[in-house]
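The next block holds one structure in the form of C-alpha cells; read it before the comments.
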Amino acid sequence: MSHKHLSLLHTIFQDPLSSNIHWREVESLLRHLGASIEPTHGARFRVVLNQAEGFLHHPHNSNVCDKQSIKLLREFLVHAGVSPSNYEEGKD
C-alpha cells in the first residue's frame, strides 16, 4: 500500500474525526483496496469490499467529506475487515 493510502487510512481511523478528507481520495483508497463502487441514486454509491456491502454519499456542494460521512466510512471499513494495522509496514 502506498504511503498516501496508508496515511489516509490512519486519518479515517483517528480521533477526533477529521473534516478535511476529499471524496476523490476516499474513492481512490477504496478502489486500491479492491472495492467495487457503483453509483446508485443521486449522490449515493454502492460499495462492495471483502463481501461487505455499504452505501456512501458523495458530499453535496463540496468535495470534502463531513464528519458523519467519515464515521460511516470507518464503520464500513471495520465491517469489511480493514484497519490501519492490517497494512502497516511489512504486511502489505
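Among the numbered criteria (1) open to solvent by less than 90 Å² (accessible area, probe 1.4 Å); (2) within 16 Å of Tyr87 (Cβ to Cβ); (3) over 13 Å from the mean Cα position of the chain (by Cα), which one does Val26 miss?
(3)
Specify which of the listed residues (Glu53, Glu38, Glu89) is modelled with pLDDT under 90, among the charged types (D, E, K, R) and out of contact with any Cys (no Cβ under 9 Å at 6 or more places or on another chain). Can you show your working first?
Numbers: Glu53 fails: modelled with pLDDT under 90; Glu38 fails: modelled with pLDDT under 90.
So the residue among Glu53, Glu38, Glu89 that is modelled with pLDDT under 90, among the charged types (D, E, K, R) and out of contact with any Cys (no Cβ under 9 Å at 6 or more places or on another chain) is Glu89.
Among the residues of the stretch 1-13, how many are open to solvent by 50 Å² or more (accessible area, probe 1.4 Å) and either over 16 Å from Asn86 (Cβ atoms) or of a type in the set (A, V, I, L, M) (or both)?
1
Suppose we filter Val78, Val47 for residues that are open to solvent by less than 20 Å² (accessible area, probe 1.4 Å), under 24 Å from Leu6 (Cβ atoms) and either over 10 Å from the mean Cα position of the chain (by Cα) or of a type in the set (A, V, I, L, M) (or both); which single one remains? Walk me through how you get there before you give the answer.
Details: Val78 fails: open to solvent by less than 20 Å² (accessible area, probe 1.4 Å).
Selected residue: Val47, the only one of Val78, Val47 that is open to solvent by less than 20 Å² (accessible area, probe 1.4 Å), under 24 Å from Leu6 (Cβ atoms) and either over 10 Å from the mean Cα position of the chain (by Cα) or of a type in the set (A, V, I, L, M) (or both).
Any idea which residue in the stretch 1-22 is modelled with the lowest pLDDT, counting only those that are within 18 Å of Arg74 (Cβ to Cβ) and hydroxyl-bearing (Ser, Thr, Tyr)?
Filtering the stretch 1-22 for residues that are within 18 Å of Arg74 (Cβ to Cβ) and hydroxyl-bearing (Ser, Thr, Tyr), the one modelled with the lowest pLDDT comes out as Ser19.
Do you know which residues across the stretch 14-23 are over 11 Å from the mean Cα position of the chain (by Cα) and either open to solvent by less than 60 Å² (accessible area, probe 1.4 Å) or small (Gly, Ala, Ser) (or both)?
Initial filter on the stretch 14-23 (over 11 Å from the mean Cα position of the chain (by Cα)): 14-20.
If the condition is that a residue be over 11 Å from the mean Cα position of the chain (by Cα) and either open to solvent by less than 60 Å² (accessible area, probe 1.4 Å) or small (Gly, Ala, Ser) (or both), then Leu17, Ser18, Ser19 are the ones that fit.
Would you be able to tell me the number of residues in the stretch 29-44 that are out of contact with any helix residue (DSSP H, G or I) (no Cβ under 8 Å at 6 or more places or on another chain), open to solvent by 70 Å² or more (accessible area, probe 1.4 Å) and within 23 Å of Glu88 (Cα to Cα)?
So the answer is 1.
Would you confirm, using the coordinates I've provided, whether Glu25 is part of a strand (DSSP E or B), of a type outside the set (Val, Ile, Thr) and modelled with pLDDT of 90 or more? Can you show your working first?
Working: part of a strand (DSSP E or B): no; of a type outside the set (Val, Ile, Thr): yes; modelled with pLDDT of 90 or more: yes.
So Glu25 does not fit the description; no.
Could you grab me the full set of residues in the stretch 36-92 that are in a strand (DSSP E or B) and within 16 Å of Ile12 (Cα to Cα)?
Pass one, the stretch 36-92, residues in a strand (DSSP E or B): 36-39, 44-49, 52-57, 64-65.
The answer is Leu56, His57, Val64, Cys65.
The values are calculated or read from the model by the stated rules, or taken from the named source; none is laboratory data. Note that this is a predicted model, so its numbers are computed, not measured. Note that each Cβ is placed from the backbone with ideal geometry, even for glycine, and that neighbours are counted across all protein chains shown. Only protein heavy atoms, including side chains, enter the accessible area calculation; ligands, DNA and RNA are left aside. Shrake-Rupley method; radii C 1.70, N 1.55, O 1.52, S 1.80 Å.
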